[in-house]
Structures are given as structure tokens and as C-alpha cells.
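To start, the structure under review is shown below, and the notes come after it.
The values are calculated or read from the model by the stated rules, or taken from the named source; none is laboratory data. Small disclaimer: the values here were computed from a predicted structure and weren't measured. Cβ placement follows ideal geometry from the backbone for every residue including glycine, while neighbour counts extend to all protein chains displayed. These accessible areas exclude ligands, DNA and RNA; they are computed on the full protein's heavy atoms, side chains included. Shrake-Rupley method; radii C 1.70, N 1.55, O 1.52, S 1.80 Å.
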Number of protein chains: 2
Amino acid sequence: MKQYNLCFLGFGNVGRALARLLVAKSAELREQYGVEFRVTGVASRRIGWLANSDGFDVATLLSNVPLAEQSSADNITGWLKAAQPDAVFETTSLNPDSGQPAIDHVRAILDAGAHAITANKGVLVHGYQELAVLARKQGKRLLFEAAVLDSAPVFSLFRETLPAVKLRGFSGLFSSTTNLIIETLEAGRSFEEGLKTAQELGVTETDASHDIDGWDATVKVCALANVLMNIPLKPAEVNREGIRELTHRKVQAARAEGKPFKLIARAKLTGDGKIAATVRPEQILASDPLGNVRGTSLGIHFELDMMPGLTITSHRPNLQSTAYGLLADFINAVKE
Amino acid sequence: MKQYNLCFLGFGNVGRALARLLVAKSAELREQYGVEFRVTGVASRRIGWLANSDGFDVATLLSNVPLAEQSSADNITGWLKAAQPDAVFETTSLNPDSGQPAIDHVRAILDAGAHAITANKGVLVHGYQELAVLARKQGKRLLFEAAVLDSAPVFSLFRETLPAVKLRGFSGLFSSTTNLIIETLEAGRSFEEGLKTAQELGVTETDASHDIDGWDATVKVCALANVLMNIPLKPAEVNREGIRELTHRKVQAARAEGKPFKLIARAKLTGDGKIAATVRPEQILASDPLGNVRGTSLGIHFELDMMPGLTITSHRPNLQSTAYGLLADFINAVKE
């Protein structure tokens, strides 16, 4: 049995769902993996940098009781020093242009000798190469399974199950928000109603234009290209078009034709070792690998040298699924 | 760099494709995984138990030149002793009723201190529990990724990427042959034409009734239940119905309705810790997780406690894909 100090950097919906999940799965973690844990740090813009080397009571953390009586550090360095984490879950919000402050967070976490587990795709676009080197140097893991396809395995799939394959290209349906808006238009209702549905389901970024204009999907394409193809693709290099130009008439005609619109992200190796990448509305047949990805579901289709096509689809993921992606990373980081 | 002795037990289409693939990927194996290999044994009903401790010339093995001048052992024990394998690829043909002789092969391989890599799903149904214990005792791996969904990761997915999940049930489309026959009937052509197409594509078992009557899919359901749910489900416990009763009229009406027939395998945990399992033709909507699995493609949909639904689809796998499933097992067995 080994005891791990865990910290939460960012404690919004995903962080809280993860805390609940750790408690719910604690017997399994103990029995199957010999893993016990305590939460020695929690930090967010709202609550500051709280540390407790004896471990917080997780129920209290989740109950929203003010934690002002706890010792608070001034910054991440002091916080990490006080909390002595073995692993930190980084779930602060995304800045797609810079990946900050998450990149600085991950660097500090690895420097402090802890595993860094993040759901932040910006980190992968703007800092992956540097941080992967740092993680190796420190003998710690940098893991990020929840960053692209929620809890569905994508990065661990390639890392652990598909040795010696070459990824030639992929297509993905990465945005529930645009999916829901298009389906609302198909049903004859308004763009705004579709967006409202997505926002109520909690699948939309704080700034909805990140979804609508395809930024979110673009950042995911770049994250995948960086990690799985080792090509430092940047968002500006992706040919990007959002869904604002899709009218009722267009989407209903496409649906009637049996080829509904979806916001599809694509990347393909070109002859010269570069990547051609697009994010744009495309008409997709029901028989397409992504043809049955509807509503809040997400999917990715890979073209590999060893397999003509491999598709992973995550159907109606929820907050617990996203949290599970982070939990799986933690277990994979520490299991024998 | 480490040199591995590899042996082929069974040297039909899959074994030969694997030998070609090992040669094609040898530079990658060396550079990425520090793995070199030589083939020190090859055995089949036709060629006997050939061993060569210096390593066979793989091109010669593949060229069908008679290998009579090579030293031949009397049986598997003598063969393993002469060939001294680190890993053996077991690809002999399936006996769905007993899993033999593959189970005896795998036992002998593990007893000889080698990793056992098999594509034989019968082994998992009739011998998994015993052989898994033996593999642990010997400190060797028993791997079988190609047994169910060709090269698409299923077993390694759960083993390596989805820790601490509970599998509640699954549905699968495991039989290209029945898929192709049904699609041929939909197109107004005959059952026999569909079967002939499947046979020409090389996706049909030697005894086609294994596919048509759902035995093949049934054995796969049992293999998955044994390994992923740790429940020793046997073929006789699966409620099985093949596709012989599907007439032109039935399948064309179903297709016109937008709910074509497919031979679907299902298993679901029941309250009492047992499994309810079926293999039968079902009408499936295009929006179903398996709705876009057509032709020679295969798919499986998992229901997990941590995710509402996760689908893996392998599109148009070929002989090289199957061989890759075995190669991936080998690399996963020996990589650090």
C-alpha cells in the first residue's frame, strides 16, 4: 500500500467531480492498485493557494464551506512546497492563444517532482515538446487523457496499445456545442436555442465563440498533431471555418439529402512531412466513420499504416467521464 | 539491444503475414524498441516441427521452398527445446468446442518459459483462467489482441488504458461474413453469392457455418466475458440464432425502414453477477453505435460505469491488420 499526496490546481466542475470520484473509487484504488491518497492542496482563483500536509477533509472541500482558516501560500511555488504533492490535477481554464497559465503550472509541478495531470489542451499545443522533455528529466509523468476526447482513450491508446504504428491522418468530431446547434437548426429551431441547450448541458466553453468558430476543435487538432505525430502544428496553420454561415435552409437540405453537416476536424500528413489540417462544416454520410456521432457524443477516426481505419467514439460523455480521464491518468502514472 | 528468438506455431495466412510484417518493421523495432529477432522455429501440420537455433532465413520460409533439410522435432516439447523461443505466435485453427489443440500449445509454450501470443479465441473460452494463472506463475505474458476484433485494441484497451472501470455490458458486430451476406441479400442477390464474396475476401472460417450460425460471434462473446468480466461464460449459455432465416423480403423491408439487420452479439451483467448473452440478427438504426459498421468492418460498443458508451470500430481490416495485432502483443510483452 502506498499513500499519495494529491493536489487540485483549479477546482471548478471538473476538479470537484474528480474529488467525488476519488472518494467513490477509494476502495477499488486500495484493493486493486494498492493506492491510498490524501488531498494536501487545492487552489483556484477564488480560494487561493490552500495547503494542508495532513490532508483536507474532501467532504468539507466539496461542501463550499469557506476554507479561510487553512494555511494559504502566496504562489504556486510556496503551495507546492507546503503540499508536497505526488501528483497534481491541473484543470484551470483554457487560453487557446498561449496555453497560459497552465504551461507555467505544469512546469512548476514537474519541477517540484510531482506527476502533472492536465485536462488543458492548450498546454499540448504551446508547451508539449518542452514539458515532455522536462517530465522525462524529472522521471515524472505528464498525462492529459481528458484534453481531447473527454475520457475516451486517445493518447494512452497510442502510448500503450498501438506500438510501432504510423499515424497518417485523422478526422474528428470534437465539438458537442456545434453538433447540438446544427441539430437544432435541422429541427427548425434557432441557432440561439441550440447554443442555449449546449450551455445548459455544460458542454460549451465560457466564451461560446471558441466552439462556434471552431477554435476549440482547432486547438484539439494541434494537440493531437503535437503529441501523436510529433509535429508542432499551431492553430494559425489550421484552415478554420466555423458554423456561423450555416443557415436553416442549408442544414435542412443537407439532412434531407442524408448527408447532414457536422463540424469536422481533419489532419493529414503531406508528402513533405508536414500536416494539412482543416476545421470546417462538412456534409457527412450516415455510413461515414463519424456518421453516427450525434448530440453530445464525440469521435475520432484514425488512418494508420497498420489498419485502414480505427474509430473511437465516446457516447454522451458527462462530467464524471471527464473526471475519470484524469483519474485514469493518475492510476496509470503510479500503477506498477 | 536485445535479441529475441521467435517461433511460429501455425504458419498459414496470418502467420505468414506476420513474418512479412516483422521483416518490414525490423528497423523500427530496432530503433524504437531496441528489439532484434530471429525465427528459430516454425511448425504446422504440413511442415512438421522445424527448429533452427541459428535462425531461419525468413524469405526462404515465405517462399514455400520445402524445408525438409531442416531438423525436425517429434512434438511440441522437443520443438520448444530445440528452438528456445522467447515468444511463440500461436495461430493454429480454431476448435470452438474445446479450444484444442491451441490450449495445449499455449500451456507448453508458457511451461517452456516463453511469452504466448495467440489469435485463437477458443483458448480464451476454454482455458483462460488456467492459462492466466500459469502465465503469472511463469512471469510470462499470455496475450491475444487479434482474437476478437482483429488488430483493434480491445484487451489492451482495458488492461492498459481504462484502469478501475467496471464493464457493465457490450454489444458487438463480430462477423464480416454475415454482414456481407446480409448486404448481398439487401442488394437483391443470393445468400450463396454473399457467402462467396466473403470467402473470396478470406474473412470466412473454413467451415462457413461457424459464421452463418453465429458460432464465431458466440465464441467471441465468451472470450470477452472471460477476460474482461472474469465470468466463465460458455458458448452453450449464449442465446444464439444465426442468419439462415433472413429472407430477401425481410432484409429488404428492414433496410427500406432504415433499420437494416446485422448479426449482433450482446452481453449484459444481470443483478446476480451473471451474464445474459445473445447472438442474433437485430434491426439496427443508422444512429446506433454499431449502425455504420458495414462490409468487412467490425465494431464493439462498451457500457462502462465511468462512461455511458465507448465504441471501437475497425474499418475494413485486412490480413496485415490481423498480423499487426500479434506484432503489437509481442512488442507490448517485451517493451520496457
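Taking the stretch B:74-122 as the region of interest, how many residues are open to solvent by 50 Å² or more (accessible area, probe 1.4 Å) and within 17 Å of B:Arg45 (Cα to Cα)?
Within the stretch B:74-122, residues that are open to solvent by 50 Å² or more (accessible area, probe 1.4 Å) and within 17 Å of B:Arg45 (Cα to Cα) number 8.
Can you report the number of residues in the stretch B:1-20 which are part of a strand (DSSP E or B) and farther than 23 Å from B:Thr77 by Cβ? Full working, then the answer.
Narrowing the stretch B:1-20 to residues part of a strand (DSSP E or B): B:2-9.
Narrowing further to those that are farther than 23 Å from B:Thr77 by Cβ: B:2-3.
Residues flagged as part of a strand (DSSP E or B) and farther than 23 Å from B:Thr77 by Cβ within the stretch B:1-20 amount to 2.
Conditions tested, residue by residue: (1) surrounded by 14 or more Cβ atoms within 10 Å (Cβ to Cβ); (2) in contact with a Lys or Arg (Cβ under 8 Å, 6 or more places away or on another chain); (3) among the acidic types (Asp, Glu).
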| position | (1), (2), (3) |
| --- | --- |
| A:Leu18 | yes, no, no |
| A:Ala27 | no, no, no |
| A:Gln32 | no, no, no |
| A:Gly41 | yes, no, no |
| A:Ser44 | yes, no, no |
| A:Trp49 | yes, no, no |
| A:Asp54 | no, yes, yes |
| A:Asp57 | no, no, yes |
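Could you identify the single residue in A:Gly258, A:Gly273 that is within 11 Å of chain B (Cβ to nearest Cβ), on the phi > 0 side of the Ramachandran plot and open to solvent by 10 Å² or more (accessible area, probe 1.4 Å)?
Checking each option against the conditions leaves just A:Gly258.
Quick one: count up the residues across the stretch B:278-288 that are in contact (Cβ under 8 Å) with a residue 12 or more places away in the chain and at the interface with chain A (Cβ under 8 Å from one of its Cβ atoms).
Selection size over the stretch B:278-288: 1.
I need a count of the residues in the stretch B:133-183 that are polar (S, T, N, Q) and touching a His at 6+ places or on another chain (Cβ under 6 Å).
Summing the residues that are polar (S, T, N, Q) and touching a His at 6+ places or on another chain (Cβ under 6 Å) in the stretch B:133-183 gives 1.
Under 8 Å between Cβ atoms, at least 6 apart or on separate chains: pull out the pairs that start in the stretch B:26-51 with a residue that is part of a strand (DSSP E or B) and end on any residue that is open to solvent by 10 Å² or more (accessible area, probe 1.4 Å) and of a type in the set (Asp, Glu).
B:Arg38/B:Asp54; B:Thr40/B:Asp54; B:Trp49/B:Asp74
Across the stretch B:289-326, which residue is most open to solvent (accessible area, probe 1.4 Å) among those that are facing chain A (nearest Cβ under 7 Å) and part of a helix (DSSP H, G or I)?
B:Gln320
Matching residues to (1) among the aromatic types (Phe, Trp, Tyr); (2) under 25 Å from the mean Cα position of the chain (by Cα); (3) more than 14 Å from chain B (Cβ to nearest Cβ); (4) over 25 Å from A:Gly202 (Cβ atoms):
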residue	(1), (2), (3), (4)
A:Lys25	no, yes, no, no
A:Asp54	no, no, yes, yes
A:Asp74	no, no, yes, yes
A:Lys81	no, no, yes, yes
A:Glu90	no, yes, yes, no
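Please pick out the residue among B:Thr177, B:Thr204 that is more than 14 Å from chain A (Cβ to nearest Cβ), touching an Asp or Glu at 6+ places or on another chain (Cβ under 6 Å) and open to solvent by less than 10 Å² (accessible area, probe 1.4 Å).
After ruling out the rest, the residue left standing is B:Thr177.
Any residue in the stretch B:184-208 that is at negative phi and charged (D, E, K, R) sitting within a Cβ distance under 6 Å of a residue that is open to solvent by 80 Å² or more (accessible area, probe 1.4 Å) and part of a helix (DSSP H, G or I)? List the pairs, counting only those 6 or more apart or interchain.
What qualifies is B:Glu186/B:Arg255.
Any idea how many residues of the stretch A:128-170 are part of a helix (DSSP H, G or I), open to solvent by 10 Å² or more (accessible area, probe 1.4 Å) and away from chain B (no Cβ under 13 Å)?
Going through the stretch A:128-170 one residue at a time, the tally reaches 9.
Looking at the stretch A:207-225, which of its residues are surrounded by 24 or more Cβ atoms within 10 Å (Cβ to Cβ) and not aliphatic (A, V, I, L, M)?
Hits for the stretch A:207-225 are A:Asp211, A:Gly214, A:Asp216, A:Thr218, A:Lys220, A:Cys222.
For the stretch A:68-127, what are the residues that are assigned to a helix (DSSP H, G or I) and β-branched (Val, Ile, Thr)?
Scanning the stretch A:68-127 gives A:Ile76, A:Thr77, A:Ile103, A:Val106, A:Ile109, A:Val123, A:Val125.
Would it be correct to say that A:Arg240 is open to solvent by less than 90 Å² (accessible area, probe 1.4 Å) and under 15 Å from A:Thr178 (Cβ atoms)? Walk me through how you get there before you give the answer.
Working: open to solvent by less than 90 Å² (accessible area, probe 1.4 Å): yes; under 15 Å from A:Thr178 (Cβ atoms): yes.
Yes: the conditions hold for A:Arg240.
Could you list all residues from the stretch A:297-330 that are more than 30 Å from B:Arg20 (Cα to Cα), of a type in the set (Ser, Thr, Tyr) and at pLDDT 95 or above? Quick ask: steps written out before the conclusion?
Going residue by residue through the stretch A:297-330, those that are more than 30 Å from B:Arg20 (Cα to Cα) are A:297-299, A:313-330.
Pick out the ones that are also of a type in the set (Ser, Thr, Tyr) and you get A:297, A:313-314, A:321-322, A:324.
Passing the criteria: A:Ser297, A:Thr313, A:Ser314, A:Tyr324.
The conditions are (1) touching a strand residue (DSSP E or B) at 6+ places or on another chain (Cβ under 6 Å); (2) surrounded by fewer than 23 Cβ atoms within 10 Å (Cβ to Cβ); (3) more than 14 Å from every other protein chain (Cβ to nearest Cβ), and A:Ala187 fails exactly one of them. Which is it?
(1) is the only condition that A:Ala187 fails.
Which members of the stretch B:155-173 meet the condition of being closer than 21 Å to B:Leu142 by Cβ and out of contact with any Pro (no Cβ under 7 Å at 6 or more places or on another chain)?
Hits for the stretch B:155-173 are B:Phe155, B:Ser156, B:Phe158, B:Arg159, B:Glu160, B:Pro163, B:Leu167.
Limited to the stretch B:210-253, what total is found for residues that are in a helix (DSSP H, G or I), over 22 Å from B:Ala198 (Cα atoms) and of a type in the set (A, V, I, L, M)?
Residues flagged as in a helix (DSSP H, G or I), over 22 Å from B:Ala198 (Cα atoms) and of a type in the set (A, V, I, L, M) within the stretch B:210-253 amount to 7.
Would a scan of the stretch B:24-34 turn up a residue that is closer than 25 Å to B:Ala147 by Cβ and among the acidic types (Asp, Glu)?
Yes, that holds for at least one residue.
Within the stretch B:132-147, track down each residue that is more than 20 Å from B:Gly41 (Cβ to Cβ) and without any contact (Cβ under 8 Å) to a residue 60 or more places away in the chain.
B:Ala132, B:Val133, B:Leu134, B:Arg136, B:Lys137, B:Gly139
Would you pick out the residues in the stretch A:255-277 that are closer than 18 Å to A:Ala187 by Cβ and touching a residue at least 60 places away in the same chain (Cβ under 8 Å)? Before you say what the answer is, go through the steps one by one.
Here is the first cut: in the stretch A:255-277, the ones closer than 18 Å to A:Ala187 by Cβ are A:255-263.
Across the stretch A:255-277, the qualifying residues are A:Arg255, A:Pro260, A:Phe261, A:Lys262, A:Leu263.
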